[in-house]
Amino acid sequence: MYMNLEECIIDLEKNGQLIRVKEEVDPHLEMAAIHLKVFEADGPALLFENVKGSKYKAVSNLFGTVERSKFIFRKTLEATQSVIALRNDPMSPLKNPFKHIGSGLAATKALPLKKKGSLPTDFQEIQISDLPLIHHWPDDGGAFVTLPQVYSEDPEKPGIMNANLGMYRIQLSGNEYEMNKEIGLHYQIHRGIGVHQEKANRLGIPLKLSIFIGGPPAHTLGAVMPLPEGLSEMTFAGLLAGRRFRYSYVDGYCISHDADFVITGEIHPGETKPEGPFGDHLGYYSLTHPFPVMRVHKVYAKSNSIWPFTVVGRPPQEDTAFGDLIHELTGDAIKQDIPGVQEVHAVDAAGVHPLLFAIGSERYTPYQKVKQPTELLTLANRILGTGQLSLAKYLFITAEEKQPLATRREEEFLTYILERINLRRDIHFQTNTTIDTLDYSGTGLNSGSKVVFAAYGDKIRDLCSDVPDLFRELHQDYNNPDLVMPGIIAIEGPEFASYSQAQEDLNVLCDAIKQKGPLTSCPFIILCDDSQFLSESIHNFLWTTFTRSNPSHDIYGVNSLYEYKHWACDNVIIDARTKPHHAPPLVPDVNVERDIERFFVKGASLGQVK
């Protein structure tokens with residue numbers, strides 16, 4: 001159990017899981033590029049001891065592997081899982097009382113502890129400009145905090161037990177922000193802080209915020225945990241840290257006594273400034289939009305503070321390991337939230353929010369000979385109406401019958417569905433609805449559509465294991481067909497110009513396939529810019545297809561028709577070409593990539609990282 005971030009760093013170093021970078025490193029692109037290179041090599045955590053322009057050290061890749069994350073929390077992980085399980089299933093102590101004897105005690109010991117006095121004696125007041133101002137991607141709008149713990153309280157029910165602790169990116173510099181006086185706060189829909197700001201706006205008062213950076217790693221994880229009702233983030237942080245969250249109030253702002261840095265300030269009703277761009281976890285830039293601006297009150301740091309950061313980009317990245325650890329901790333929570341659901345997997349390779357795979361149950365009509373999705377459709381609606389799962393665009397759902405399934409075995413799971421889906425019955429759209437703030441494939445910020453592919457029953461088709469002959473000479477505008485996986489073919493088409501032109505393009509493609517004859521072995525066809533790249537790996541397919549398409553606008557079909565407002569087809573075509581309204585993908589700076597090689601040569605700090 002660590003009292004602070006420094007203790008964790010020392011422990012990792014003693015166990016060969018951290019390297020110190022002693023050379024001076026530029027926070028403008030270099031630190032992020034080094035992090036990405038080390039993460040890709042499954043390398044250790046990194047302590048940057050000499051950050052250009054700041055006296056503070058910085059650490060990254062703490063959670064770079066699930067194994068390292070489990071090592072960090074090895075003394076408290078089991079007790080934390082027990083408490084979460086107890087919250088998910090309150091009847092479990094009656095079923096197995098001895099198993100849960102320690103859970104209540106652990107939860108009691110984890111309750112936040114208010115300290116007497118005000119500011120901790122080892123805190124000193126500094127300015128934003130004193131911090132490591134890390135610029136991650138070439139076209140980012142400025143420096144960002146990527147592992148913040150943003151604390152807000154309910155204006156109508158103040159106090160720490162009604163507070164929200166979330167991880168929302170913070171822009172420290174750039175754009176129109178006045179250095180040391182203003183910073184940007186970006187949060188997406190379905191976030192707890194939004195509820196607090198709405199209440200403050202309605203009351204006509206500013207919302208006080210405290211941004212904690214660093215502290216025990218459990219506090220960082222607490223800011224991203226989807227917790228069961230009644231378990232606060234601060235209590236969870238105490239559970240996982242093995243030590244109560246210690247805090248006090250200064251000038252009306254909550255101060256974490258364990259954080260390395262604390263930034264306090266207010267967001268006022270109606271005050272926004274342009275925030276972004278920022279290279280985000282979908283693998284693209286999130287663009288510049290008006291978001292709340294925080295008027296900085298004070299900035300505090302401990303004398304030996306260490307600045308934790310991560311770098312997000314096209315998955316997998318460090319936040320992938322974060323997600324895997326969260327999945328282990330929360331366990332069967334989804335079964336309690338939505339009875340009948342066995343698994344839900346937000347697919348990391350597709351950027352998490354765009355794509356869900358789910359396993360449900362099919363118990364409504366066991367007496368019927370014809371098997372088809374019934375209960376699965378009810379469950380699909382529940383899933384798409386639950387918290388952040390509601391931001392998904394694509395949901396593939398089925399139920400186990402004669403063989404076990406696992407949503408994380410992605411190709412096997414999709415194969416099972418494609419062998420069974422009835423394309424004239426099992427496709428269900430939701431239009432003009434919400435999607436993830438970071439997803440630019442839709443019709444506007446937070447706006448897009450959804451589609452459910454629900455399959456159940458006996459296998460009805462054999463899937464193609466090679467490119468069918470009809471694709472070889474299909475049409476002069478459609479070339480280079482490639483097999484992605486059984487039942488899915490990628491093919492290149494003309495460059496996307498507009499949706500009206502796309503409709504003409506797809507009519508040509510659909511007619512060409514129709515004229516060549518039925519294509520039952522290939523239920524899915526992906527129209528793309530580069531079929532070789534898309535079919536190179538299942539990850540390329542998932543990323544390209546589901547981050548570059550909006551179901552209502554980009555799904556077409558061979559022999560498509562409407563039957564009483566239900567859309568049906570013989571073959572689904574997803575237009576995953578790049579479109580003018582899409583955000584640009586993240587591309588590293590080749591000069592920076594070349595320059596950082598000096599850290600990896602023999603004799604340099606990272607010379608042993610391969």
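The values are calculated or read from the model by the stated rules, or taken from the named source; none is laboratory data. Please read all numbers here as calculations on a predicted model, not as lab measurements. With ideal geometry, Cβ positions are generated from the backbone for all residues, glycine too; neighbour counts draw on all protein chains shown. The protein model used for the area step is the full one, side chains on, heavy atoms only, and it has no ligands, DNA or RNA in it. Shrake-Rupley method; radii C 1.70, N 1.55, O 1.52, S 1.80 Å.
Simple rule: put +1 on each Lys or Arg Cβ and -1 on each Asp or Glu Cβ in the stretch 399-540, find the dipole, and look at Phe524, Val467, Thr431; the Cα lying farthest toward the positive end is Thr431.
Separation of the stretch 553-594 and the stretch 339-411, taken as the distance between their Cα centroids, equals 22 angstrom. Select from Gly387, Gln317, Leu377 the residue farthest towards the positive end of the dipole of the stretch 253-402; place +1 on Cβ of Lys and Arg, -1 on Cβ of Asp and Glu, and compute about the Cα centre. Of the listed residues, the answer is Leu377. As a length-normalised measure over Cα pairs under 8 Å and 6 or more apart, the relative contact order of the stretch 429-472 settles at 31 percent.
Here Lys70 is the anchor, and the aspartates and glutamates within straight C-alpha reach of less than 17 Å, apart from those fewer than 8 places off in the same chain, are Glu7, Asp11, Glu13, Asp42, Glu78, Glu318, Asp319, Asp324, Glu328. Find which of Val484, Val21, Val296 sits farthest along the positive direction of the dipole of the chain, computed with +1 on the beta-carbon of Lys and Arg, -1 on that of Asp and Glu, about the Cα centre. Positive-most Cα among the choices belongs to Val296. Extending 7 Å from Cα along the Cβ direction at Ala497 and again at Glu593 yields two label points whose distance is 3.3 nm.
The antiparallel fraction among DSSP beta bridges confined to the chain stands at about 70%. Dipole size of the stretch 424-565 about its Cα centre, with +1 on Lys/Arg Cβ and -1 on Asp/Glu Cβ: approximately 640 debye, rounded to the nearest 20. Shown in residue order for the stretch 334-341 are the 3J(HN,Hα) couplings computed by the Karplus curve 6.51 cos²θ - 1.76 cosθ + 1.60 at θ = phi - 60°: 5, 5, 6, 5, 10, x, x, 8 Hz (x for Gly and Pro). The helix-based estimate of mean residue ellipticity at 222 nm for the chain, built from -39,500 (n - 2.57) per DSSP H run of four or more residues and divided by its residue count, is -7500 deg cm²/dmol to the nearest 500.
A DSSP coil position with no more than 12 other Cβ atoms inside 10 Å describes the following GluC sites (Glu not before Pro) in the stretch 480-533: Glu495. Each peptide among 115-128, 577-590 gets the average number of other Cβ atoms lying within 10 Å of its residues, and from highest to lowest they stand as 577-590, 115-128. For the peptides 477-486, 166-175, the ranking by packing is 166-175, 477-486, with the highest mean count of neighbouring Cβ atoms within 10 Å listed first.
The Kirkwood hydrodynamic radius of the stretch 467-610, based on inverse pair distances between different Cα atoms, is 17.2 Å.
Placing +1 on the Cβ of every Lys and Arg and -1 on the Cβ of every Asp and Glu, with nothing else charged, gives the chain a dipole about its Cα centre of roughly 2220 debye. Looking at the stretch 1-81, the DSSP beta bridges with both ends there are about 40 percent antiparallel. Averaging over all projection directions, the Cα-based convex hull of the chain occupies 29.7 nm² in the image plane. Here Lys157 is the anchor, and the lysines within straight C-alpha reach of less than 28 Å, apart from those fewer than 8 places off in the same chain, are Lys109, Lys114, Lys115, Lys116, Lys199, Lys208, Lys298. Rolling a 1.4 Å probe across the protein heavy atoms gives the stretch 394-540 an accessible surface of 44 Å² per residue.
Ligands, DNA and RNA left out, the accessible area of the stretch 420-517 computed with a 1.4 Å probe is 39% carbon and sulfur. The convex hull drawn around the Cα atoms of the stretch 553-603, when projected onto a plane and averaged over every direction, covers 7.1 nm².
In this structure the amide hydrogen of Val59, modeled in the peptide plane, comes within under 5 Å of the amide hydrogens of Phe48, Trp307, Phe309, none closer than 5 places in sequence on its chain. Residue order by solvent-accessible surface for Ser129, Ser449 is Ser129, Ser449, largest first, with ligands and nucleic acids left out and a 1.4 Å probe. Placing dummy labels 7 Å off each Cα toward the beta-carbon, the span from Gln608 to Gln532 is 4.0 nm. Across all directions, the average flat footprint of the convex hull enclosing the Cα atoms of the stretch 348-475 is 9.9 nm². Percent relative contact order of the chain, based on C-alpha pairs within less than 8 angstrom and at least six residues apart? Relative contact order, the chain: 13 percent. A 1.4 Å probe run over the stretch 233-355, with the rest of the protein chains in place, finds 28 Å² accessible per residue.
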